[in-house]
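In what follows, a single structure is set out as structure tokens and then discussed.
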Amino acid sequence: MRRMLFFVLMAVSMMAFCTAMFAQVTLEIDPPVSYPGYDEIVTLSVYISGISADQPMRGFDMQVNFDPTYLSCDAEDFIEGSFLEDAAAEHGLRTQFYVRESSGAWIVSCAILSVPPGTPTQPFGADGDGVLFSLNLKTLNKPSCYTAIPVTLSNIRMRDELNHDIYLDSHLDAEIYIHPTLVIPLYEGWNLISSWVIPPDMALEEVFKDLREDGYLIKVQDENGDAYVKTLGNIWQNDVGPYEMEEGYYVMVNQDCELIIEGKCVLLPMTVQLYEGWNMIPYPYSISQPALDVLQDLIDEGAFLKVQDENGLYIVKNLLGEFDDLIGGFEEGEGYYLLVSEDTSITFPGPNRKKAYIRSLEHNKQK
């Protein structure tokens with residue numbers, strides 16, 4: 001019996017020893033992945049785990065990094081966590097939590113003040129797991145689409161009561177994907193629209209649901225003349241079918257309003273089939289580009305005849321063989337009426353074409 005008890009105690013001791021020896025000190029941002037929309041607040045918590053009672057934490061410093069093109073915050077958006085604060089409160093002490101901006105990043109520091117003397121067998125500080133601090137990040141009006149916006153931690157230093165470094169085994173950063181929102185201004189009468197945002201439900205009834213329920217929508221029509229319209233029986237009838245990203249649509253409303261589409265970025269490149277004669281085409285980008293650049297391949301192959309926007313402005317070749325360009329740039333949310341001399345297609349390339357991107361920047365500077 002005594003021998004059995006001895007082995008049980010030895011096993012428990014070995015388990016405790018192994019736990020202490022192989023405990024991993026990990027720092028992670030929670031949640032690791034977020035999918036907000038525009039102008040939303042994403043709350044991230046920096047969580048520590050595995051701090052040993054033999055070397056408890058007294059303080060920390062670290063740098064928080066993110067791209068200010070997509071995310072923003074102020075010093076007030078950093079909130080002290082309970083990990084050090086609770087340990088200090090148990091002894092009637094307080095902490096100092098300090099945040100400052102440095103070269104586009106944020107430095108976060110926290111420490112327990114007036115540390116009472118510990119002993120070799122009972123050092124003072126916080127141990128175990130807990131939240132070091134939280135951060136409220138605001139998303140800006142720029143979609144990241146399928147590219148993650150990283151929120152990272154660097155220059156991490158954690159200290160015990162003797163100001164010795166606490167070794168960090170690993171740390172995990174976070175990623176934020178900003179889902180796009182497209183707001184298309186609609187004006188009383190006819191509007192020619194398209195979208196670079198894929199709605200979650202492609203049913204035409206769902207895409208135009210808010211306009212219909214708010215009483216603004218009169219009619220939606222495609223290039224074939226098929227319509228989504230209210231019948232004499234006061235019932236909405238859809239002869240168009242589902243919403244197609246490769247199409248432009250005429251939308252008639254009874255007063256100025258907005259069509260809001262939330263979802264995912266369109267997958268590019270996208271090829272749109274064109275037929276001899278008039279076609280309604282989309283413009284599947286969030287930034288303006290010179291119309292002639294977008295149409296250049298059609299011009300080079302000799303199929304382009306004319307393009308026209310909803311206001312009747314156009315691009316067409318004059319008698320001197322030069323283009324009269326009254327449109328200038330293609331704009332997000334707009335659709336265009338395109339006349340071609342034969343069956344062909346137009347391809348909208350992905351955003352990784354450096355040449356097109358530079359031309360787009362030059363065009364926007366001239367606007």
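Considering only residues that are part of a strand (DSSP E or B) and over 25 Å from residue 221 (Cα atoms), look in the stretch 278-315 and name the one that is modelled with the lowest pLDDT.
Restricting to residues being part of a strand (DSSP E or B) and over 25 Å from residue 221 (Cα atoms), the top hit is 289.
Return the total of residues in the stretch 197-225 being aliphatic (A, V, I, L, M), exposed (fewer than 14 other Cβ atoms within 10 Å of the Cβ) and assigned to a helix (DSSP H, G or I).
Total satisfying the criteria: 0.
Looking only at the stretch 166-186, decide whether some residue is buried (at least 20 other Cβ atoms within 10 Å of the Cβ), touching a His at 6+ places or on another chain (Cβ under 9 Å) and among the β-branched types (Val, Ile, Thr).
no
May I ask you to verify whether residue 161 is closer than 30 Å to residue 49 by Cβ and assigned to a strand (DSSP E or B)?
In short, no.
For residues that are assigned to a strand (DSSP E or B) and among the aliphatic types (A, V, I, L, M), tally how many sit in the stretch 235-256.
Total meeting the criteria: 3.
Would you please list the contacts, defined by Cβ atoms under 8 Å and residues six or more apart or on different chains, that run from a residue in the stretch 321-335 that is free of Cβ contacts under 8 Å to residues at least 12 places away in the same chain and on the phi < 0 side of the Ramachandran plot to a residue that is surrounded by fewer than 15 Cβ atoms within 10 Å (Cβ to Cβ) and in a loop (DSSP other than H, G, I, E, B)?
So the pair list comes out as 324/318.
Every residue in the stretch 189-218 that is hydroxyl-bearing (Ser, Thr, Tyr), within 14 Å of residue 256 (Cβ to Cβ) and out of contact with any helix residue (DSSP H, G or I) (no Cβ under 9 Å at 6 or more places or on another chain), please. Give the steps one after another, and end with the answer.
Start the filter on the stretch 189-218 by keeping residues that are hydroxyl-bearing (Ser, Thr, Tyr), which leaves 194-195, 216.
Keeping just the survivors that are within 14 Å of residue 256 (Cβ to Cβ) gives 216.
Hits for the stretch 189-218: nothing passes.
Within the stretch 147-165, track down each residue that is over 23 Å from residue 74 (Cα atoms) and either free of Cβ contacts under 8 Å to residues at least 60 places away in the same chain or surrounded by 15 or more Cβ atoms within 10 Å (Cβ to Cβ) (or both).
147, 158, 159, 160, 161, 162, 165
Inside the stretch 324-347, can you point out the residues that are buried (at least 17 other Cβ atoms within 10 Å of the Cβ), of a type outside the set (D, E, K, R) and out of contact with any His (no Cβ under 7 Å at 6 or more places or on another chain)?
327, 330, 333, 335, 336, 337, 338, 339, 340, 344, 346
Evaluate the following for residue 144: is it in contact with a strand residue (DSSP E or B) (Cβ under 8 Å, 6 or more places away or on another chain), surrounded by fewer than 16 Cβ atoms within 10 Å (Cβ to Cβ) and polar (S, T, N, Q)?
Values: in contact with a strand residue (DSSP E or B) (Cβ under 8 Å, 6 or more places away or on another chain): yes; surrounded by fewer than 16 Cβ atoms within 10 Å (Cβ to Cβ): no; polar (S, T, N, Q): yes.
Considered against the rule, which asks whether it is in contact with a strand residue (DSSP E or B) (Cβ under 8 Å, 6 or more places away or on another chain), surrounded by fewer than 16 Cβ atoms within 10 Å (Cβ to Cβ) and polar (S, T, N, Q), residue 144 comes out as no.
Taking the stretch 266-323, which residues are touching a His at 6+ places or on another chain (Cβ under 9 Å), buried (at least 18 other Cβ atoms within 10 Å of the Cβ) and not polar (S, T, N, Q)?
Across the stretch 266-323, the qualifying residue is only 290.
What do you reckon, is residue 132 under 21 Å from residue 165 (Cα atoms) and at pLDDT 95 or above?
It is true that residue 132 is under 21 Å from residue 165 (Cα atoms) and at pLDDT 95 or above.
Filter the stretch 192-222 down to residues that are of a type in the set (Asp, Glu) and more than 18 Å from residue 253 (Cα to Cα), then give me how many there are.
Selection size over the stretch 192-222: 1.
Kindly establish whether residue 61 is among the charged types (D, E, K, R) and modelled with pLDDT under 95.
No; evaluated as a whole, the condition is false for this residue.
The values are calculated or read from the model by the stated rules, or taken from the named source; none is laboratory data. For clarity, every value in this text was computed on a predicted model and none was experimentally measured. Cβ coordinates were reconstructed from backbone atoms using ideal geometry, including for glycine residues, and neighbour counts include every protein chain displayed.
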